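Take a look at the structure set out below.
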Amino acid sequence: MDRTVINGIIALVIIGAGLLIWQNQRPEETQPATNSSMLESKSDTEIITEQQVTYFEEAKGYFAKPAEDGNYPGIVIVHENRGLRQEIKDTADQLAKAGYLVLAVDLYGQVVETQDEARALSAGFNQETGTKNMQAAVDFLKQQGAEKIGSLGWCFGGRQALELAISGVPLNATVVYYGGNMASTVEQLRPITWPVLGIFGDADTVLPIEKVKEFENSLNELNITNEIYIYPGVGHAFANPSGPNYAQDETRDAWEKTLNFLEANLK
């Protein structure tokens, strides 16, 4: 057989094998990250979940707790601006595995996909009702046996976790991930008497770094114990695996800091 033909056959075989390998690897490589895969708890604790638990008027939240009876602290977690999506429920599961009673509140009553839709929801949001919603979540967790309770939120939820903290309801810990147009002055933050953890990125175009600095300075002026972390080179919502600003290493580090902070102040 002519050597040119033989070389052509060999080339086709190599190309075909390469395509087969690429097809077999591609689904795994392009599979989108999720909160549960990125923030997976090291604990194998079994948990119980309730997809729709009524805790405030018509609001139905997501409740997760360890399956074994015990005295567990509680955490109110607040979704981002697209509503109570699955990634927030996944995070509630991971916190439950770490030994918490977790209520993921629903401040919108619906879930949307696009930022245009999210902005429309935010524009119609009533803060007074939202605050009462979160306060009812605290009461719910107390009824479940939680003696210590913290608030935790991301983006819109970060701001709301802080709104709950300054609403007059005593808590034991608050965690704010890049909280948008959040409270930052001494007068606004004065009701807080417990530790605060803040997670931010210095490339955030939604929350200016000057606002973060004001937030930190006000906490210090009020002698509020705080840990403020500003990650270099990452933008808004960097801890959301489904978003364009997702930063894997920073997310892992921030989550470890979050778990350590909650354990130190709630357990």
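The values are calculated or read from the model by the stated rules, or taken from the named source; none is laboratory data. Given the structure is predicted, the values throughout are model-derived calculations rather than measurements. Positions of Cβ are generated from backbone atoms using ideal geometry, with glycine treated the same way; all protein chains shown enter the neighbour counts. In case anyone asks, the SASA skips ligands and DNA or RNA and just uses the protein heavy atoms, side chains included. Shrake-Rupley method; radii C 1.70, N 1.55, O 1.52, S 1.80 Å.
What are the pairs, 6+ residues apart or on separate chains, where a residue within the stretch 247-267 that is part of a helix (DSSP H, G or I) has its Cβ under 6 Å from a residue that is at pLDDT 95 or above and among the β-branched types (Val, Ile, Thr)?
These pairs meet every condition: Glu250/Val234; Ala254/Ile199; Thr258/Val175.
Among the candidates Lys89, Lys142, which residue alone is out of contact with any Leu (no Cβ under 7 Å at 6 or more places or on another chain), over 24 Å from Lys211 (Cβ atoms) and buried (at least 16 other Cβ atoms within 10 Å of the Cβ)?
Lys89
Condition first: among the hydrophobic types (A, V, I, L, M, F, W, C) and either within 19 Å of Arg159 (Cα to Cα) or open to solvent by 20 Å² or more (accessible area, probe 1.4 Å) (or both). Now tell me which residues in the stretch 235-262 satisfy that.
Those that are among the hydrophobic types (A, V, I, L, M, F, W, C) and either within 19 Å of Arg159 (Cα to Cα) or open to solvent by 20 Å² or more (accessible area, probe 1.4 Å) (or both): Ala237, Phe238, Ala239, Ala254, Trp255, Leu259, Phe261, Leu262.
May I ask you to list the residues in the stretch 52-79 that are more than 18 Å from Glu147 (Cβ to Cβ), open to solvent by less than 20 Å² (accessible area, probe 1.4 Å) and of a type outside the set (A, V, I, L, M, F, W, C)?
Gly61, Tyr62, His79
Just need a number here: residues in the stretch 184-194 that are surrounded by fewer than 20 Cβ atoms within 10 Å (Cβ to Cβ) and touching a residue at least 24 places away in the same chain (Cβ under 8 Å).
Counting residues in the stretch 184-194 that are surrounded by fewer than 20 Cβ atoms within 10 Å (Cβ to Cβ) and touching a residue at least 24 places away in the same chain (Cβ under 8 Å) gives 7.
Mind checking which residues of the stretch 107-117 are surrounded by fewer than 24 Cβ atoms within 10 Å (Cβ to Cβ) and either in contact with a strand residue (DSSP E or B) (Cβ under 7 Å, 6 or more places away or on another chain) or of a type outside the set (S, T, N, Q) (or both)?
Within the stretch 107-117, Tyr108, Gly109, Val111, Val112, Glu113, Asp116, Glu117 qualify.
Quick check: anything in the stretch 30-48 modelled with pLDDT of 95 or more, touching a Gly at 6+ places or on another chain (Cβ under 8 Å) and aliphatic (A, V, I, L, M)? Show your work before the answer.
Residues of the stretch 30-48 modelled with pLDDT of 95 or more: 46-48.
This time we only want the ones that are touching a Gly at 6+ places or on another chain (Cβ under 8 Å), so: none.
Scanning the stretch 30-48, I find no residue that is modelled with pLDDT of 95 or more, touching a Gly at 6+ places or on another chain (Cβ under 8 Å) and aliphatic (A, V, I, L, M), so the answer is no.
Could you tell me which residue of the stretch 161-175 is least open to solvent (accessible area, probe 1.4 Å), considering only residues that are among the hydrophobic types (A, V, I, L, M, F, W, C) and more than 16 Å from Leu266 (Cβ to Cβ)?
The qualifying residue least open to solvent (accessible area, probe 1.4 Å) is Leu162.
So if I check each of Glu216, Glu227, which one is at negative phi, in a strand (DSSP E or B) and at pLDDT 95 or above?
Only one candidate passes the filter, namely Glu227.
Can you tell me which of Ser184, Ser151 is in a loop (DSSP other than H, G, I, E, B) and at pLDDT 95 or above?
Values: Ser151 fails: in a loop (DSSP other than H, G, I, E, B).
Only one candidate qualifies: Ser184.
Between a first residue in the stretch 70-82 that is closer than 15 Å to Ala98 by Cβ and a second residue that is crowded, with 22+ Cβ neighbours inside 10 Å and basic (Lys, Arg), which pairs have beta carbons less than 7 Å apart while being 6 or more apart in sequence or on different chains?
Correct list of pairs: Tyr72/Lys65.
Regarding the stretch 182-191, can at least one residue be identified that is among the small types (Gly, Ala, Ser) and in contact with a strand residue (DSSP E or B) (Cβ under 8 Å, 6 or more places away or on another chain)?
Taking every residue of the stretch 182-191 in turn, none turns out to be among the small types (Gly, Ala, Ser) and in contact with a strand residue (DSSP E or B) (Cβ under 8 Å, 6 or more places away or on another chain).
For Glu216, are the conditions met, namely being among the charged types (D, E, K, R), touching a strand residue (DSSP E or B) at 6+ places or on another chain (Cβ under 8 Å) and under 22 Å from Phe261 (Cα atoms)?
It is true that Glu216 is among the charged types (D, E, K, R), touching a strand residue (DSSP E or B) at 6+ places or on another chain (Cβ under 8 Å) and under 22 Å from Phe261 (Cα atoms).
Might you check whether a residue that is in contact (Cβ under 8 Å) with a residue 60 or more places away in the chain, in contact with a helix residue (DSSP H, G or I) (Cβ under 9 Å, 6 or more places away or on another chain), under 23 Å from Leu171 (Cα atoms) and among the charged types (D, E, K, R) occurs anywhere in the stretch 123-141?
no
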